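Student: Please see the structure below; I have some questions.
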Amino acid sequence: MMQSIPEPIQADRLTFTLRRAGVLGAAHVSSVTVESSRNTILSQIVRVRVNYSDAADDCPHSLIFKIANRTRRLLAAKMLKLTTC
């Protein structure tokens, strides 16, 4: 079963982020594949394989992301609303 790619690490967004960081020149991210993913109590840790449109020897081909667990963030926000006056 193919895992869905979280929005922050989809190809277009990752191209923008790597280019803004000065890591990516004229090439762009052509695909992102999840190699592994695991959930923790507060976050999701995702390792991805990155492929580029052109020669990108100096660019990272494997990245690890830690993404906040959306369900936990929403629950925390609700709890804060209940406890504030």
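Student: Take residue 76 and decide whether it is farther than 18 Å from residue 21 by Cβ and among the small types (Gly, Ala, Ser).
Tutor: On the way: farther than 18 Å from residue 21 by Cβ: yes; among the small types (Gly, Ala, Ser): yes.
Considered against the rule, which asks whether it is farther than 18 Å from residue 21 by Cβ and among the small types (Gly, Ala, Ser), residue 76 comes out as yes.
Student: Within the range 23-39, track down each residue that is at pLDDT 90 or above and either under 12 Å from residue 59 (Cβ atoms) or of a type outside the set (Gly, Ala, Ser) (or both).
Tutor: 28, 29, 30, 32, 33, 34, 35, 38
Student: Quick one: in the range 27-85, which of the residues that are assigned to a helix (DSSP H, G or I) and hydrophobic (A, V, I, L, M, F, W, C) is surrounded by the fewest Cβ atoms within 10 Å (Cβ to Cβ)?
Tutor: At the first step, the residues of the range 27-85 found to be assigned to a helix (DSSP H, G or I) are 70-83.
From what's left, hydrophobic (A, V, I, L, M, F, W, C): 74-77, 79-80, 82.
Working: 74: 10, 75: 11, 76: 12, 77: 10, 79: 10, 80: 9, 82: 7.
The selected residue is 82.
Student: Working only within the range 1-18, note down all residues that are over 13 Å from residue 65 (Cβ atoms) and at pLDDT 90 or above.
Tutor: 11, 12, 15, 16
The values are calculated or read from the model by the stated rules, or taken from the named source; none is laboratory data. Every value quoted in this text rests on a predicted model; they were computed, and no experiment measured them. A quick note on method: Cβ atoms are made from the backbone with ideal geometry, for glycine too, and the neighbour counts reach across all protein chains shown.
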